[in-house]
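Inspection log for the structure reproduced underneath, given as structure tokens.
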Amino acid sequence: MLGNSFTLVRVSRFVHQQCIGHKISELYSQHKQQLCITVESQPVQTILVSCMPSENYIYVRGGSFRARRNSVDLFPKAVGKKILGIACDPSDRVVVILLEENMSLKCEMFGSRANVLLLEEENTIPVTSNVVVDAFLKRKELLGSRHVRTDPQQLPAYHAKLHDEHLFLEAMRSSGGEGVFQSLKKVIPVLGSIRAKEIDRKSTRLN
């Protein structure tokens with residue numbers, strides 16, 4: 001559930017409140033597939049990002065917990081950068097940590113494909129893209145690759161269906177799903193299997 005889109009939206013808002021306007025003092029890893037980001041707030045905060053396939057999550061803890069041994073420094077280009085904002089892409093399981101100097105940390109909570117990328121904005125015609133300048137996992141494979149720049153505040157297509165009963169019911173009827181669970185997965189893809197199953201069970205009991 002910690003990697004669910006709706007959970008990530010709430011978590012990213014909380015981390016934003018705790019860390020916005022403060023500089024990153026270090027980024028490191030001391031546990032397998034877990035990235036720690038130390039933020040120079042008062043008091044110090046540590047943002048933890050887990051890319052474990054069965055345990056994707058992002059949260060913030062007060063204090064610094066770096067061990068004296070068995071830790072490795074990461075993302076040197078992001079050290080000293082101020083955090084300008086933290087937001088979850090409402091259409092996907094991606095949390096973006098915006099940094100000064102047109103850089104950002106893109107936390108992709110994609111299960112077994114989870115990763116954290118350091119992106120630098122590149123102005124090209126006709127679109128603005130982000131270039132991968134560092135990566136937590138699969139660094140050699142991803143360096144230099146480009147990502148189309150997206151606005152994390154742009155409302156996704158499913159947003160209207162969540163606020164308009166007629167649009168939602170019409171989309172459910174025309175989804176082609178064999179039942180409530182399958183239809184929900186198609187109409188609101190970010191809902192996740194657990195929530196879709198809960199809704200399916202409740203609708204069955206009501207009928």
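Descriptive notes on the structure:
- Lone qualifier among GLU101, GLU121 - being in a strand (DSSP E or B) and out of contact with any helix residue (DSSP H, G or I) (no Cβ under 7 Å at 6 or more places or on another chain): GLU121
- Checked against the criteria, SER71 does not count as more than 23 Å from ASN102 (Cβ to Cβ) and touching a residue at least 60 places away in the same chain (Cβ under 8 Å).
- Evaluation of ARG10 against (1) more than 15 Å from the chain's Cα centre (by Cα); (2) more than 13 Å from ILE97 (Cα to Cα); (3) assigned to a helix (DSSP H, G or I) (one fails), failing number: (1)
- Answer residue from segment 62-91, given it is charged (D, E, K, R) and open to solvent by less than 60 Å² (accessible area, probe 1.4 Å) and is modelled with the highest pLDDT among those: LYS81
- For segment 46-61, the candidate set comprises residues that are surrounded by fewer than 19 Cβ atoms within 10 Å (Cβ to Cβ) and out of contact with any Ser or Thr (no Cβ under 6 Å at 6 or more places or on another chain); within that set, the residue that is modelled with the lowest pLDDT is SER54.
- Taken over segment 9-23, the criterion of being in contact (Cβ under 8 Å) with a residue 60 or more places away in the chain and surrounded by 14 or more Cβ atoms within 10 Å (Cβ to Cβ) is satisfied by VAL9, VAL11, SER12, VAL15, HIS16, CYS19, ILE20, HIS22, LYS23.
- Residue count for segment 47-84 satisfying the condition of being of a type outside the set (S, T, N, Q), under 21 Å from ASN115 (Cβ atoms) and part of a strand (DSSP E or B): 13.
- If you go through segment 24-46 and pick out every residue that is under 14 Å from ILE97 (Cα atoms) and either part of a loop (DSSP other than H, G, I, E, B) or without any contact (Cβ under 8 Å) to a residue 40 or more places away in the chain (or both), you end up with 3.
- Residue within segment 54-73 that is small (Gly, Ala, Ser) and touching a His at 6+ places or on another chain (Cβ under 7 Å) present: no
- Here segment 162-193 is the region considered, the condition is being aliphatic (A, V, I, L, M) and surrounded by fewer than 16 Cβ atoms within 10 Å (Cβ to Cβ), and the residue that is modelled with the lowest pLDDT is LEU162.
The values are calculated or read from the model by the stated rules, or taken from the named source; none is laboratory data. Since this is a predicted model, take the numbers as computed values, not measurements. Cβ sites come from the backbone with ideal geometry, for glycine too, and all protein chains shown count toward neighbours. Ligands, DNA and RNA are excluded from the accessible area calculation, which covers all protein heavy atoms including side chains. Shrake-Rupley method; radii C 1.70, N 1.55, O 1.52, S 1.80 Å.
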